[in-house]
Amino acid sequence: MNIDGRHYRTIWPIGDDAVEAIDQTKLPHRFETVTLRRAEDCARAIHTMIVRGAPLIGATAAYGIALAMREDASDEALDRAHDRLLATRPTAVNLRWALKRMCDRLRNHPRSERAAIAWREAAAICDEDVETCRSIGEHGLKILREAAEKKDGAPLNILTHCNAGWLATVDWGTALAPIYMAHDEGIPTHVWVDETRPRNQGAALTAFELGGHGVPHTIIADNAGGHYMQSGRVDLCIVGTDRVTANGDVANKIGTYLKALAAKDNGVPFYVALPSSTIDWSLASGRDIPIEERSSDEMLKMTGRLPDGSVATVEIAAPGSPGANPAFDVTPARLVTGFITERGVCEASESGLRSLFPPPALRATSPAGGGG
Ligand code: MRU
């Protein structure tokens with residue numbers, strides 16, 4: 001997508017020994033990029049959320065492995081880089097998926113070939129992510145077209161939580177991809193952007209993206225979504241996800257569950273957009289998803305722009321009050337209207353997911369091809 005008329009991905013290679021990434025901790029106040037030269041740089045970028053969003057975390061980890069292989073292509077170094085990168089964030093399963101793909105690809109090759117193969121594989125993961133998100137956008141667009149037909153020319157009001165736009169992926173995004181496509185097609189669209197406390201990914205990133213693409217939007221307090229749904233001002237919700245379990249339960253940014261409950265109570269369709277790399281077939285239900293606990297500083301402090309343009313961090317609570325900061329929650333499958341994937345839209349259930357992503361043994365007989 002574009003920033004000030006120039007096309008960017010969130011991460012891109014520089015030559016064959018470094019990668020550049022947009023520093024998301026600086027947005028929306030400053031546009032800065034960082035250069036990642038070693039696996040450790042990638043691990044720190046993921047942990048400190050310079051890069052964030054499930055698919056982008058996976059892509060960055062893939063480059064982390066590739067950078068590690070340039071320094072030392074031994075099995076031990078591969079294991080070390082894998083373990084270090086895997087430990088950065090626990091909830092988004094795309095991280096594990098990308099690391100496994102990189103390691104599986106490299107193991108059976110001689111050390112002398114590993115650096116070049118790893119570099120190409122990481123680039124392939126990025127390119128595939130762009131295509132996957134484009135397909136998610138196309139499938140989601142059909143839902144938006146149908147919903148818009150009922151609006152008689154009035155804007156379609158879509159609520160989203162956190163940032164599942166192009167900044168959370170390599171390009172396009174998951175939840176926002178259909179919205180960009182609807183907007184580009186001339187469907188009048190308006191997005192309610194949950195601010196998404198405590199890190200404000202909605203206010204800081206989603207609004208930045210939508211504004212950059214000219215999509216009408218309004219930032220709302222996290223607590224306002226239920227009110228807007230109740231008063232008929234939300235036509236549908238679309239969110240992203242960090243992990244979907246085999247039964248269709250959805251881990252996503254803290255607060256997603258409350259939005260899904262409010263949507264159910266008000267008959268508002270609640271869609272979750274995801275690439276298949278976000279499905280964790282090894283977990284039967286959302287009860288087993290590890291939920292990341294982050295520093296209470298994210299709760300107790302806020303960073304913003306002062307009138308003179310400088311950026312400052314302030315404390316917002318009484319000194320000494322403790323805070324707790326679970327970064328994700330789990331929305332049960334029964335609250336989800338449907339999954340928007342790169343292969344189409346399905347019910348939020350194991351059978352729904354399996355209809356699009358059959359297990360490997362069934363691949364040869366299924367028209368949908370592989371998965372799982
Ligand atoms: O903590 P974050 O900012 O990495 O959390 C991101 C989200 O929860 C997104 O909604 C999710 O990763 C889906 S991104 C396509």
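Taking the criterion of being surrounded by fewer than 18 Cβ atoms within 10 Å (Cβ to Cβ), polar (S, T, N, Q) and either free of Cβ contacts under 8 Å to residues at least 60 places away in the same chain or touching a Pro at 6+ places or on another chain (Cβ under 8 Å) (or both), would at least one residue in the stretch 256-278 satisfy it?
Scanning the stretch 256-278 turns up at least one residue that is surrounded by fewer than 18 Cβ atoms within 10 Å (Cβ to Cβ), polar (S, T, N, Q) and either free of Cβ contacts under 8 Å to residues at least 60 places away in the same chain or touching a Pro at 6+ places or on another chain (Cβ under 8 Å) (or both).
So, of the residues in the stretch 1-20 that are touching a strand residue (DSSP E or B) at 6+ places or on another chain (Cβ under 9 Å) and charged (D, E, K, R), which turns out to be nearest to Pro178 (Cα to Cα)?
Ranking the candidates gives Arg9 first.
List the helices (runs of 4 or more DSSP H) inside the stretch 255-368, counting only whole elements, that have at least 2 residues being within 13 Å of the ligand (Cβ to nearest atom).
Fully inside the stretch 255-368 and qualifying: 256-265.
Taking the criterion of being among the aliphatic types (A, V, I, L, M), surrounded by fewer than 17 Cβ atoms within 10 Å (Cβ to Cβ) and within 26 Å of Gly344 (Cα to Cα), would at least one residue in the stretch 293-308 satisfy it?
Within the stretch 293-308 (the criterion being among the aliphatic types (A, V, I, L, M), surrounded by fewer than 17 Cβ atoms within 10 Å (Cβ to Cβ) and within 26 Å of Gly344 (Cα to Cα)), the answer is no, since none of the residues qualifies.
Looking only at the stretch 169-181, decide whether some residue is over 30 Å from Glu298 (Cβ atoms), without any contact (Cβ under 8 Å) to a residue 24 or more places away in the chain and not assigned by TED's automatic domain parsing to the domain that holds Ala45.
no
Which of the residues belonging to the stretch 49-82 are in contact with a Gly (Cβ under 8 Å, 6 or more places away or on another chain) and either more than 10 Å from Ala39 (Cβ to Cβ) or within 16 Å of the ligand (Cβ to nearest atom) (or both)?
Gly53, Ala54
Considering only residues that are within 16 Å of the ligand (Cβ to nearest atom) and in contact with a helix residue (DSSP H, G or I) (Cβ under 6 Å, 6 or more places away or on another chain), which ones fall in the stretch 220-239?
Gly225, Cys237, Val239
Kindly indicate whether any position in the stretch 134-142 is within 15 Å of the ligand (Cβ to nearest atom), of a type in the set (S, T, N, Q) and more than 20 Å from Leu95 (Cβ to Cβ).
Checking the stretch 134-142: at least one residue is within 15 Å of the ligand (Cβ to nearest atom), of a type in the set (S, T, N, Q) and more than 20 Å from Leu95 (Cβ to Cβ).
The values are calculated or read from the model by the stated rules, or taken from the named source; none is laboratory data. Just so we're clear, the structure is a prediction, and the values are computed from it rather than from any experiment. In this analysis, Cβ positions are derived from the backbone assuming ideal geometry, glycine residues included, and neighbour counts consider all displayed protein chains.
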